[in-house]
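The values are calculated or read from the model by the stated rules, or taken from the named source; none is laboratory data. For clarity, every value in this text was computed on a predicted model and none was experimentally measured. When we count neighbours, we look across all protein chains shown, and the Cβ atoms used for this are built from the backbone with ideal geometry, even at glycine. Heavy atoms of the whole protein, side chains included, go into the accessibility calculation; ligands, DNA and RNA do not. Shrake-Rupley method; radii C 1.70, N 1.55, O 1.52, S 1.80 Å.
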Amino acid sequence: MYIHEMIKETNRLRDYMTPENDAYFGEMVRSLRASSLGEAKGEEVLLGLAQEILTAQNNNRPIQELYGESPKAYCAQLVADMSIRQPRSMKDKVKYYTMIPWVALTWVFFIMMLTGFFSKWFGGDLTYTRISTATLLLISLGSILLIELMTRFLKPESKKGRPAETVKATTKEMGIYLGIMAGIVVIGVLLVIFLPAFVVSPWDSLVIFIVGLAGQRFFFLRKPRGPKQVAHN
């Protein structure tokens, strides 16, 4: 769908909104069109929001229940999430939080493959690696927390221009994340005693690495079928 088509469809949907919902959506339009989102992406988001609002309206759900009291605040958070590629729908969240440990474990087995083949390359025997299920679980959960820490606290806008209350809240939130990470490490160490371990050869690691890469491309990096390429007037 082209930009002018999305704008036309958005305006058509606005004709069916109640005055209150239309006024609320109007604030969203002004906020997103003045944001850092590109024109095509901004109109795509606005069209999706208009469809959501009409669906909620038909189900007699208040618009504030969906987006909160302030449309400007919601749009600011929406733009911030999109700038760091944070997922918003449940489907996207499941995909996102599955992808992180998948990628982490894929490269763990790549490292195990390299270390296993090193001795063979230098004239020795293949080195087999013994790894605990608890270690794999620890890597999976730890990778998610690490990415969350990086995306939430290391982005440029999180370091400047914030009021003292926000800084205090962010510091507290970071402390919670670090505490969770420490707890996962302790639990992981304890689970080593109870969960089984297994031995993998370098060839096993190579196969797992190839499957992991193929899975990343097929499940996570495949572009969804979307609208036609946007044409500018």
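Brief remarks follow.
- Gained length - Ile210 relative to Glu148, 0.36 nm times residue gap less alpha-carbon distance: 19.7 nm
- Hypothetical label at Tyr128: residues of the range 198-219 whose amide nitrogen lies under 18 Å (7 Å Cα-Cβ projection): 198-208
- Listed peptides 178-187, 102-111, 65-74 appear in the order 102-111, 65-74, 178-187 once ranked by packing, highest mean of other Cβ atoms within 10 Å at the front.
- Which listed pairs, of Lys8/Lys95; Lys41/Lys72; Lys41/Lys95, have C-alpha distances above 23 Å, in listed order: Lys8/Lys95
- Potential lengthening between Ala23 and Asn58 on full extension [0.36 nm per residue; Cα-Cα distance subtracted]: 10.9 nm
- If you look at the Cα atoms of the range 1-86, you get an Rg and a Dmax of 12.3, 34 Å.
- Extended-chain gain in nm, criterion 0.36 nm per residue less alpha-carbon gap, Val199 and Trp121: 26.1 nm
- Inter-label distance, Arg217 to Ala76: 4.3 nm, where each label sits 7 Å from its Cα along the C-beta direction.
- The fraction of accessible area contributed by carbon and sulfur in the range 2-143 is 58 percent, rounded to a whole number (1.4 Å probe; ligands and nucleic acids excluded).
- The distance between label points at Glu69 and Ile176 comes to 2.1 nm (points 7 Å beyond Cα on the Cα→Cβ vector).
- Part-to-part distance (alpha-carbon centres) for the range 23-62 and the range 174-210, which is given in Å: 42 Å
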